[in-house]
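Please read the structure below before turning to the comments.
The values are calculated or read from the model by the stated rules, or taken from the named source; none is laboratory data. Worth saying up front: this structure is predicted, and the values here are computed from it rather than measured. Ideal geometry is used to build each Cβ from the backbone, glycine not excepted, and the neighbour counts take in all protein chains shown.
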Amino acid sequence: MVDFLQPEKSVLYALNLKKEFDSLVFHVKEGNDKPLEAFLLLRAIKDYCESAIDEIKENCMKELDLTDGKVELFGEKLSFTQSGQYDYKDCHIWRKTKEKLSQIENAMKLAFAKKELIKIPGISEMIPPAIYSPSKKSIKIN
């Protein structure tokens with residue numbers, strides 16, 4: 001068993017990790033460390049953690065199965081969850097309405113680009129420009 005998974009050591013391990021991350025953030029904000037290098041380091045750690053979680057997820061599901069799907073551990077409640085998705089594509093009315101909506105959305109984007117109302121066939125009203133709200137700026141890693 002990995003040493004830091006021992007209950008008495010796991011809390012200390014987590015606190016030490018948090019302290020290290022808090023220190024890194026503090027030093028970056030104070031201008032003592034390079035922000036982009038810290039960003040890439042933290043992003044790599046996040047990716048490693050997500051990958052490790054994915055690797056053990058099946059084992060976790062099996063263990064949770066043994067507990068009737070619910071367990072409390074380290075003050076956290078774990079249970080199964082499952083989501084699904086509805087499929088409407090077999091409904092002719094839905095497909096036709098979706099096509100019309102897509103046509104209107106495209107016309108509104110064009111009206112935004114041209115900064116004017118747009119007329120599209122099959123719709124008696126003039127289509128106004130869409131309202132564009134830019135998303136929050138982020139960093140892209142290529």
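Can you give me the number of residues within the stretch 3-31 that are modelled with pLDDT under 90 and either of a type outside the set (A, V, I, L, M) or touching a Pro at 6+ places or on another chain (Cβ under 9 Å) (or both)? Residues in the stretch 3-31 being modelled with pLDDT under 90 and either of a type outside the set (A, V, I, L, M) or touching a Pro at 6+ places or on another chain (Cβ under 9 Å) (or both): 9 in total. For the stretch 60-85, the set of residues classified as outside any loop (DSSP other than H, G, I, E, B) and either under 18 Å from VAL11 (Cβ atoms) or among the hydroxyl-bearing types (Ser, Thr, Tyr) (or both) consists of VAL71, GLU72, LEU73, GLU76, LYS77, LEU78, SER79, listed by residue number.
Just one of the numbered conditions (1) loosely packed, with under 12 Cβ neighbours inside 10 Å; (2) of a type in the set (Val, Ile, Thr); (3) free of Cβ contacts under 8 Å to residues at least 12 places away in the same chain is not true of VAL71: (1).
Quick check on the stretch 88-107. Is at least one of its residues touching a strand residue (DSSP E or B) at 6+ places or on another chain (Cβ under 6 Å) and in a helix (DSSP H, G or I)? So far as the stretch 88-107 goes, yes, one or more of its residues are touching a strand residue (DSSP E or B) at 6+ places or on another chain (Cβ under 6 Å) and in a helix (DSSP H, G or I).
Taken together, ILE118, ILE56 contain a single residue that is under 24 Å from the mean Cα position of the chain (by Cα), aliphatic (A, V, I, L, M) and either under 30 Å from LYS140 (Cα atoms) or surrounded by 12 or more Cβ atoms within 10 Å (Cβ to Cβ) (or both), which is ILE56.
Answer with yes or no whether LYS137 is within 30 Å of PRO35 (Cα to Cα) and of a type in the set (Lys, Arg). Judged against the criteria, LYS137 is a match.
Return the residues of the stretch 15-38 that are part of a helix (DSSP H, G or I) and more than 26 Å from the chain's Cα centre (by Cα); say none if nothing qualifies. Steps first, please.
Step one: filter the stretch 15-38 for residues part of a helix (DSSP H, G or I), giving 15-29, 35-38.
Answer for the stretch 15-38, where residues must be part of a helix (DSSP H, G or I) and more than 26 Å from the chain's Cα centre (by Cα): ASN16, HIS27.
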